[in-house]
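For reference, the structure is listed below as structure tokens.
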Amino acid sequence: MFEDNWDLSTASASSIVRILTIDNGFNPNRITASGKGQFHPVKPNNMIEGRAGNRRTEVILSPDLQGIYKLLYQ
């Protein structure tokens, strides 16, 4: 079904974006799905525990910088 780990991680990220936008009302214009595949592990992949730790989803929040600038430079 998936060509490789990169394809799988991108599909997982897209699923999370759908949950956030469709089911929870987040603005889809402010969310981006990104898959890292095997390219950014947080643990070594040579043991089962490491591979399990690398199967993860990270949500990275970025502030609305325009709003912050308005607060700082009023």
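Entry remark, the range 31-74: residues being in a helix (DSSP H, G or I) and either touching a residue at least 24 places away in the same chain (Cβ under 8 Å) or within 16 Å of T10 (Cβ to Cβ) (or both) number 4 in total.
Would you mention how many residues in the range 22-49 are in contact with a helix residue (DSSP H, G or I) (Cβ under 9 Å, 6 or more places away or on another chain) and at pLDDT below 95? Here the count works out to 18.
With respect to S12, is the statement that it is modelled with pLDDT of 90 or more and part of a helix (DSSP H, G or I) true? Yes. The C-beta contact set for the range 4-22 (first residue surrounded by 15 or more Cβ atoms within 10 Å (Cβ to Cβ), second residue in a helix (DSSP H, G or I) and modelled with pLDDT under 95, distance under 7 angstrom, 6+ apart or interchain) comprises N5/G37; N5/Q38; S9/G37; T21/P28.
The values are calculated or read from the model by the stated rules, or taken from the named source; none is laboratory data. Fair warning: this is a prediction, and the values are worked out from it, not measured in the lab. We place every Cβ from the backbone using ideal geometry, glycine too, and count neighbours over all the protein chains shown.
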